[in-house]
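I have placed the structure first, in the form of structure tokens, so that the comments after it can refer back to it.
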Amino acid sequence: MDKPIIAFLYDFDKTLCTTDMEDYTFIPSLGMTPREFWALANGFGHTNRVDGILAYMYTMVQEAEKRNQPFTRESLRNMGRDIVLFPGVKEWFRRINAFGEEQGVQVEHYVISSGLREIIEGSGISQEFKEIYASEFYYDGEGRPVWPKLTVNFTAKTQFVYRVNKGVLDVSDDKTLNDSMPDDSKRVPFTNMVYIGDGLSDVPCMKMMRAYGGQAIAVYQETNRLGVEELLAKGRVDFIFPADYSEGTALDLTAKNIIRKMAIVDRLGEENSRQLRSIGGDVLPNQVGLF
């Protein structure tokens, strides 16, 4: 029998790295401050009623062209090398995967980010993720962006949670995603999901976790601690922790306890199903979630 799967879903900016990924190298290369760039991008979006993610992607291309700065798939990937990850992030995936193995489950990791996939691919941890859902350009044969390929705004993030749930990971496959599927045949039950984010942009996904039996965690730096505490007070997340993924931290220990709990629930569900089959009874759909 295949091992149960537990999926960790992550925002990226200010969740795994310390600030917006464009702030590290791209914006300074324009001779701008992050405040100046984001004011320009947001102003363009508001004036022209453009989706915020499309607005910043357009502004990136326009400002780079004005300054004759290289803007290609490869240049963006190279910028990913300058990302500053939170303490413990690089070792986190190996450690969490190993703990899952000890508990008899398979742990998978996914990114759901409004940032750029290309920069994430250069971050040094992209190989840890089964799939990266992030905003992305379509490039011509010379690696230059010609059109937005995918945009991931705050509410659109939830569709990717459903993709992980059903195991329909190809973003071009909408038909299978929307096909009816019994709960007990879905690849990763919501009850086996953990979403880790940092703020209001993650609330739609966090609310899904809370509504469907998964777990929602918010991490914080001192600059956004009050906002994260408000999420906890309003019942939008289950836990909040400093953004330190090192072994032995409160975040590390709680993540392991969540895996342990989910693994136990899966084992209880399997035993219940075995007993029902042995007496010729029926297994209720999604019965594991009833424990």
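What the table below lists for this structure:
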{"quantity": "Residues of the stretch 70-86 satisfying the condition of being in contact with a Phe, Trp or Tyr (Cβ under 8 Å, 6 or more places away or on another chain), under 16 Å from Leu30 (Cα atoms) and surrounded by 18 or more Cβ atoms within 10 Å (Cβ to Cβ)", "calculated": "Leu76, Met79"}
{"quantity": "Residue that is farther than 22 Å from Glu142 by Cα, over 19 Å from the mean Cα position of the chain (by Cα) and crowded, with 18+ Cβ neighbours inside 10 Å, where the choices are Ala64, Ala55", "calculated": "Ala55"}
{"quantity": "Residues located in the stretch 167-209, provided they are assigned to a loop (DSSP other than H, G, I, E, B) and either touching a helix residue (DSSP H, G or I) at 6+ places or on another chain (Cβ under 7 Å) or buried (at least 20 other Cβ atoms within 10 Å of the Cβ) (or both)", "calculated": "Val168, Leu169, Met181, Lys186, Arg187, Val188, Pro189, Asp198, Gly199"}
{"quantity": "Residue within the stretch 151-158 that is part of a helix (DSSP H, G or I) and either farther than 22 Å from Gly52 by Cα or touching a helix residue (DSSP H, G or I) at 6+ places or on another chain (Cβ under 7 Å) (or both) present", "calculated": "yes"}
{"quantity": "Tally of residues being under 13 Å from the mean Cα position of the chain (by Cα) and either touching a residue at least 24 places away in the same chain (Cβ under 8 Å) or surrounded by 16 or more Cβ atoms within 10 Å (Cβ to Cβ) (or both) across the stretch 156-166", "calculated": "7"}
{"quantity": "Filtered residue count, the stretch 271-286, keeping only those that are of a type in the set (Asp, Glu) and either at pLDDT 70 or above or more than 37 Å from the chain's Cα centre (by Cα) (or both)", "calculated": "1"}
{"quantity": "Count - residues of the stretch 197-217 that are in contact with a Lys or Arg (Cβ under 8 Å, 6 or more places away or on another chain) and of a type in the set (A, V, I, L, M)", "calculated": "3"}
{"quantity": "Residue under evaluation Glu108, criteria (1) crowded, with 23+ Cβ neighbours inside 10 Å; (2) out of contact with any Pro (no Cβ under 8 Å at 6 or more places or on another chain); (3) within 25 Å of Met208 (Cα to Cα); (4) in contact (Cβ under 8 Å) with a residue 40 or more places away in the chain, criterion not met", "calculated": "(1)"}
{"quantity": "Unmet requirement for Lys149, which otherwise passes all of (1) of a type in the set (Lys, Arg); (2) farther than 22 Å from Met79 by Cα; (3) touching a strand residue (DSSP E or B) at 6+ places or on another chain (Cβ under 8 Å)", "calculated": "(2)"}
{"quantity": "Residues being of a type in the set (Lys, Arg), free of Cβ contacts under 8 Å to residues at least 12 places away in the same chain and part of a loop (DSSP other than H, G, I, E, B) - total across the stretch 66-83", "calculated": "0"}
{"quantity": "Single match in Lys186, Lys130 (criterion: of a type outside the set (A, V, I, L, M, F, W, C) and under 17 Å from Met209 (Cα atoms))", "calculated": "Lys186"}
{"quantity": "The stretch 1-50, subset of a type in the set (D, E, K, R), assigned to a helix (DSSP H, G or I) and in contact with a helix residue (DSSP H, G or I) (Cβ under 9 Å, 6 or more places away or on another chain), residue farthest from Gly269 (Cα to Cα)", "calculated": "Glu36"}
{"quantity": "Selected residue (criterion: nearest to Val50 (Cα to Cα)) from residues of the stretch 174-206 that are modelled with pLDDT under 90 and among the acidic types (Asp, Glu)", "calculated": "Asp174"}
{"quantity": "Which listed residue is basic (Lys, Arg), modelled with pLDDT of 95 or more and part of a helix (DSSP H, G or I), from Arg163, Arg225", "calculated": "Arg163"}
{"quantity": "Residue match in the stretch 95-113 (condition: touching a Ser or Thr at 6+ places or on another chain (Cβ under 7 Å), closer than 23 Å to Val203 by Cβ and at pLDDT 95 or above)", "calculated": "no"}
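The values are calculated or read from the model by the stated rules, or taken from the named source; none is laboratory data. Since the model is a prediction, treat every value here as computed from it, not as a measurement. Here the Cβ is made from the backbone with ideal geometry for all residues, glycine too, and neighbour counts use every protein chain on show.
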